[in-house]
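Below is one structure, written out as structure tokens; comments come after it.
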Amino acid sequence: MERSAEKLELDLPGDPRAGLCTMARDLVGSEILRIGSEIRTAKTRGEKICDLTVGDFSSKEFPIPDKLREGILRALAAGETNYPPSDGVLRLREAVREFYRRTLSLDVPLESVLIAGGSRPLIFATYAALVDPGDIVLYPVPSWNNNHYCHLVGAKGIPLTTRPEDGFLPTAGLIEPHVRSARLIALNTPLNPAGTVLPAQALKRICEAVVSENERRARAREKPLYVLYDQVYWMLTFGEARHETPVQLVPRMAPYTVFIDGISKAFAATGLRVGWGVGPKAVIAAMKDLLGHIGAWAPRAEQVATAELLRDEAALRSYGATHRSSLQGRLDRLHEGLSAMAAAGLPVRDIPPQGAIYLSIQFDLIGRRGFRTNDDVRRFLLREAGFAVVPFQAFGLAGENGWFRSSVGAVSVRDIDEALPRVEAALRKALA
Ligand SMILES: Cc1ncc(COP(=O)(O)O)c(C=O)c1O
């Protein structure tokens, strides 16, 4: 006999959040996702919007490699549906190791490779394995989510403000004054949100500062300073830009570097959830135990298929060439259109694209005709031009400076071509 379900009152009386711990109560959700969902709602209302907000891909514009899709289906059919080993499927760990040896000249032991459900869990695990509550973490701003990871582990984050003339990338001069007190430096290149690439010289100087600080710490028997090196966009560089790694430039960085990487961006596979971390064995072992308790493993079939993909040099080459040129084509189109507006005297500038899936744009409207904040500008562009971008404040950069991230993974060249005249008209209207 069916019983009628009683409607349960699940909220605490008064403040429903009163039961949360301090960390959870003070946790801030992603501003980017908030803006992204606002745009999605507007689109479902039928508004025409060039959505440059979310750092994701449309699977129509950017399909995953055939090899990956077919490999997953084959692996599922072959029964690869159980728990994976907690450090990842052996075939994939070996494939990552070979891939790094082949493409980045990094030769690491197998115990240095850990697989997880995307790179986010690995970033969290790096923080959690290295940082005690109250420890100092340095991170440049704008950058992606370091403020949130600091909050999760109770770190004292020190955001270091970078400059547009440096492509919003950190310099040794910015980091050196804090090196003595820090436990971890979080670096990301190619950079989300700026779409710029850390030059070899700047990275080398940062690494040399870390190595010399660690020599001092070794003598003083203090814990070393580590670098979290998030290179999830490293396969996506354009033109002259070249991706470098700390360990290639300064081999003595090997004991202090944790690499973060994965398939999300390089293979437009954000929903498949496969990432890898590569680093010192003891750190990786601690991360493995931590993620094991959370169960943040990558699905087994996806791991098996990723191993096959990473081993297939021809598939990587051909997918990589198409993927890069599709991204670069969109970024260049945006850059050229905005540069033409700047040349025509309109208040906009951008940084030429070097990598990742982003373009930094400054709409220099603050202080003119009622524009007081970046959010005023954002809303104006959305309303007048159906042009949706994310202010750099969502990446921890304080100040109403008119800088925005635009992400091209979910738009077509046509979307961009159609949006540019609308942006131009909006800017002219703002000046009128
Ligand atoms: C710099 C950076 N690191 C890591 C990630 C997370 O990627 P994943 O999908 O592998 O968790 C992102 C996603 O936007 C990112 O921009």
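The values are calculated or read from the model by the stated rules, or taken from the named source; none is laboratory data. This one's a predicted model, so the numbers in the text were calculated from it and none came from an experiment. All Cβ positions, glycine included, derive from the backbone under ideal geometry; neighbour counts span all protein chains shown. For the accessible areas, the whole protein counts, side chains as well, though only heavy atoms, and no ligand, DNA or RNA atoms are used. Shrake-Rupley method; radii C 1.70, N 1.55, O 1.52, S 1.80 Å.
I'm trying to understand the selection: among the residues of the range 285-301, which are in a helix (DSSP H, G or I), open to solvent by 30 Å² or more (accessible area, probe 1.4 Å) and out of contact with any strand residue (DSSP E or B) (no Cβ under 6 Å at 6 or more places or on another chain)? Spell out how you get there, then give the answer.
First, pick out the residues of the range 285-301 that are in a helix (DSSP H, G or I): 285-294, 300-301.
Now narrow it down to the ones that are open to solvent by 30 Å² or more (accessible area, probe 1.4 Å): 285-286, 288-290, 293-294, 300.
Correct list: ALA285, ALA286, ASP289, LEU290, HIS293, ILE294, ARG300.
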Restricting the range 225-270 to residues that are away from the ligand (no atom under 16 Å from the Cβ), aromatic (Phe, Trp, Tyr) and in contact (Cβ under 8 Å) with a residue 60 or more places away in the chain, the residue that is surrounded by the most Cβ atoms within 10 Å (Cβ to Cβ): TYR226
Here is a check on your reading of the model: is ALA425 in contact with an Asp or Glu (Cβ under 8 Å, 6 or more places away or on another chain), within 16 Å of the ligand (Cβ to nearest atom) and open to solvent by 20 Å² or more (accessible area, probe 1.4 Å)? no
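Which residues, taken from the range 319-344, are part of a helix (DSSP H, G or I) and more than 28 Å from the chain's Cα centre (by Cα)? Talk me through it step by step, then tell me what you get.
First, pick out the residues of the range 319-344 that are part of a helix (DSSP H, G or I): 319-343.
Selection gives ALA340, MET341, ALA342, ALA343.
Given the criteria in contact (Cβ under 8 Å) with a residue 60 or more places away in the chain and touching a helix residue (DSSP H, G or I) at 6+ places or on another chain (Cβ under 7 Å), does ALA128 qualify? I'd like the intermediate steps shown before the answer.
Working: in contact (Cβ under 8 Å) with a residue 60 or more places away in the chain: yes; touching a helix residue (DSSP H, G or I) at 6+ places or on another chain (Cβ under 7 Å): yes.
Yes, satisfied.
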For LEU198, all conditions in the list (1) touching a residue at least 60 places away in the same chain (Cβ under 8 Å); (2) closer than 30 Å to GLY29 by Cβ; (3) within 16 Å of the ligand (Cβ to nearest atom) hold save one; what is the number of the exception? (1)
Filter result (surrounded by fewer than 16 Cβ atoms within 10 Å (Cβ to Cβ) and under 26 Å from PRO353 (Cβ atoms)) within the range 149-163: THR161, ARG163
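Taking only the range 332-377 into account, find how many residues are of a type outside the set (Gly, Ala, Ser) and over 30 Å from GLY320 (Cα atoms). Steps first, please.
Taking the range 332-377 as the starting set, the residues that turn out to be of a type outside the set (Gly, Ala, Ser) are 332-336, 338, 341, 346-354, 357-359, 361-366, 368-369, 371-377.
Imposing the further condition that a residue be over 30 Å from GLY320 (Cα atoms) reduces the set to 341, 346-348, 363-366, 368-369, 371-377.
The qualifying residues number 17.
Considering only residues that are of a type in the set (Phe, Trp, Tyr) and either over 15 Å from GLY117 (Cβ atoms) or not assigned by TED's automatic domain parsing to the domain that holds GLY117 (or both), which ones fall in the range 66-104?
PHE99, TYR100
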When both residues are 6+ apart or on different chains and their Cβ atoms are under 6 Å apart, which pairs have a first residue that lies in the range 52-69 and is within 19 Å of PHE395 (Cβ to Cβ), and a second that is away from the ligand (no atom under 13 Å from the Cβ)? LEU52/ALA388; LEU52/VAL389; LEU52/SER406; THR53/ILE35; THR53/ILE39; THR53/ALA388
Scanning the range 111-129 for residues that are open to solvent by less than 10 Å² (accessible area, probe 1.4 Å) and in a helix (DSSP H, G or I), the one farthest from the ligand (Cβ to nearest atom) turns out to be SER112
